1. Within the set of pairs 6 or more residues apart or between chains, which connect a residue that is under 17 Å from residue 24 (Cα atoms) and touching a residue at least 40 places away in the same chain (Cβ under 8 Å) inside the stretch 37-52 to a residue that is of a type outside the set (Val, Ile, Thr) and surrounded by 24 or more Cβ atoms within 10 Å (Cβ to Cβ) with Cβ atoms less than 7 Å apart?
2. Just to be sure, is residue 62 in contact with a Leu (Cβ under 9 Å, 6 or more places away or on another chain), without any contact (Cβ under 8 Å) to a residue 24 or more places away in the chain and surrounded by 18 or more Cβ atoms within 10 Å (Cβ to Cβ)?
3. Could you identify the single residue in 80, 91 that is closer than 20 Å to residue 170 by Cα, modelled with pLDDT under 90 and either crowded, with 22+ Cβ neighbours inside 10 Å or out of contact with any helix residue (DSSP H, G or I) (no Cβ under 9 Å at 6 or more places or on another chain) (or both)?
4. Scan the stretch 173-204 for residues that are among the charged types (D, E, K, R), out of contact with any helix residue (DSSP H, G or I) (no Cβ under 6 Å at 6 or more places or on another chain), assigned to a helix (DSSP H, G or I) and surrounded by fewer than 18 Cβ atoms within 10 Å (Cβ to Cβ) and jot them down.
5. For the stretch 19-35, which residues satisfy the criterion of being under 23 Å from the mean Cα position of the chain (by Cα) and over 13 Å from residue 46 (Cα atoms)?
Amino acid sequence: MSTTKAQAEKDKGNAAFKAGDFTTAVGHYSAAIVADSSDPTFPLNRAAAYLKLGKNQDAERDCSTVLRLDARNVKALFRRGQAKVALQKLREAQDAESNGIVTPIKPPMTLLNLTKQWDRWKSSSERWALINEIPPSALPSLFQSSLEPSLLAELLHVFRDALSSGVDPSTAVRVQEYMLGLARVPRFSTVVLFMNKEERALAREVWSLAGGAEGAEGVRAWKMS
């Protein structure tokens, strides 16, 4: 049956993806799509591989295919957002080059700039891309004593969505670094005191998704043990 062949190709693609062979993964996911074009998980997985290869237009196209098959697919929405953010940055770089501008786009290294961009970009994928412009070690000097509980809660939602969106193990490590960086922000312990029950549960969920010994260390660093 075509579905049996499709599943076998998907499994091979997953194995190649986990091994870091994203080109081979694309080939297997493509074979799965040929065998069964009605299953949204095949183009969804291929989109993840395309993102790894920097083929953002292909990733965006595959995510749109997934959403035609499953309009509520959160992972497809998230990955399409990642692709669009990357494509927008590429367009900005190309426009700058064509205009003779060679100064690279600077990350939002002031709290005012971060807040402005944060409010403009509403999706978790866009906000995750924005946060990744800031080194985790820079968080204490960035926020100083101005971290608000509402922004902390929004950061936690972005971290959870990033951890839930795919199979990239580097995301968990990155989230751990940001969570530990936040714990070193001045007055952080005071900010945590103002978190409500749901926000505390969200923080524990993020640490649980991030996993490993760092998760237990993080819960202690956030004084939630």
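The values are calculated or read from the model by the stated rules, or taken from the named source; none is laboratory data. Source: prediction; values computed, not measured. Using ideal geometry, Cβ is built from the backbone for each residue, glycine included, and neighbour counts are taken over all protein chains shown.
1. Qualifying pairs under 7 Å: 48/79.
2. Values: in contact with a Leu (Cβ under 9 Å, 6 or more places away or on another chain): yes; without any contact (Cβ under 8 Å) to a residue 24 or more places away in the chain: yes; surrounded by 18 or more Cβ atoms within 10 Å (Cβ to Cβ): yes.
Spelling it out, residue 62 is indeed in contact with a Leu (Cβ under 9 Å, 6 or more places away or on another chain), without any contact (Cβ under 8 Å) to a residue 24 or more places away in the chain and surrounded by 18 or more Cβ atoms within 10 Å (Cβ to Cβ).
3. Details: 91 fails: closer than 20 Å to residue 170 by Cα.
None of the other options fit; the residue is 80.
4. Restricting attention to the stretch 173-204, the residues satisfying the condition of being among the charged types (D, E, K, R) are 174, 177, 184, 187, 197-200, 204.
From the residues that got through so far, the ones that are out of contact with any helix residue (DSSP H, G or I) (no Cβ under 6 Å at 6 or more places or on another chain) too are 174, 187, 197-198, 200, 204.
So of that shortlist, the ones also assigned to a helix (DSSP H, G or I) come out as 174, 197-198, 200, 204.
Answer for the stretch 173-204, where residues must be among the charged types (D, E, K, R), out of contact with any helix residue (DSSP H, G or I) (no Cβ under 6 Å at 6 or more places or on another chain), assigned to a helix (DSSP H, G or I) and surrounded by fewer than 18 Cβ atoms within 10 Å (Cβ to Cβ): 197, 198, 200, 204.
5. Those that are under 23 Å from the mean Cα position of the chain (by Cα) and over 13 Å from residue 46 (Cα atoms): 19, 20.
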